[in-house]
């Protein structure tokens, strides 16, 4: 496990077994408010990294910075060892970064095929190639072992929460994304739907796709993540293999920023539940 004063164990960008994405000294300020403070983080290919933190820790700011919605105030981002700048979501998409936000950004009045190809429709002689899009959508869902959807022509508005997550993730996979960021993927889901989404996340890792999961549910985190990263008031206070943590140490880091303090030293007003803008 590393602390804020140390680098991730995977080493600097460009080293053997280099990270897919590296953040070095990333800061983000909104006027006098400093949301991120010199964040160093490595995301490894094919690994599931869980990003956790209390309300206002800077999780949403970090994923929006990676996704090109907000540019960092300072710091550098490396993609596959090369310095890059994602000024817009389109830039991030071109790199291979897909973000599945909590609201999923799906259109309820369109079917699964239309949602998966929205903005990326296939054309033949300037006409929509419905047959090829339907075939590709069906194959992508099958490759991810999504069997709960009866028809790819089903309206998204009729799907369950777990099925909607599956469609949003399949859309990212179909665009050859190398890193999928998932914001609270199991929020408000039942037990069976949560299990379905966690299985889907594992399958992404099995396919060699890196996953960055933002979650308030430590049970989900420990069941699916390979690595853990903890933000506290905009500072990355700890990161490392998930095996180096347990629930108690994770809660201490989330609530105090220091695992050396006893868990009951945390303020009772603080919680590991995540604010969507945290």
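The values are calculated or read from the model by the stated rules, or taken from the named source; none is laboratory data. Just so you know, these numbers come straight off a predicted model, no measurement behind them. All Cβ positions, even for glycine, are placed from backbone atoms using ideal geometry, and neighbour counts span all protein chains on display.
If you check 116, 174, which single one turns out to be surrounded by 18 or more Cβ atoms within 10 Å (Cβ to Cβ) and modelled with pLDDT under 90?
Only one candidate qualifies: 174.
All but one of (1) surrounded by fewer than 17 Cβ atoms within 10 Å (Cβ to Cβ); (2) under 22 Å from the mean Cα position of the chain (by Cα) hold for residue 129; which doesn't?
With respect to (1) surrounded by fewer than 17 Cβ atoms within 10 Å (Cβ to Cβ); (2) under 22 Å from the mean Cα position of the chain (by Cα), residue 129 is out only on (2).
For segment 62-91, what are the residues that are assigned to a loop (DSSP other than H, G, I, E, B) and touching a residue at least 60 places away in the same chain (Cβ under 8 Å)?
Selection gives 67, 80, 81.
Every residue in segment 154-171 that is exposed (fewer than 14 other Cβ atoms within 10 Å of the Cβ) and in contact (Cβ under 8 Å) with a residue 40 or more places away in the chain, please.
157
Listed residues 219, 215, 148, 192; which is surrounded by fewer than 15 Cβ atoms within 10 Å (Cβ to Cβ) and in contact with a helix residue (DSSP H, G or I) (Cβ under 6 Å, 6 or more places away or on another chain)?
Answer to the selection: 148.
Return the total of residues in segment 222-238 being touching a helix residue (DSSP H, G or I) at 6+ places or on another chain (Cβ under 7 Å), closer than 19 Å to residue 19 by Cβ and surrounded by 22 or more Cβ atoms within 10 Å (Cβ to Cβ).
6
Name the one entry in 102, 34 that is surrounded by fewer than 20 Cβ atoms within 10 Å (Cβ to Cβ) and not assigned by TED's automatic domain parsing to the domain that holds residue 188.
102
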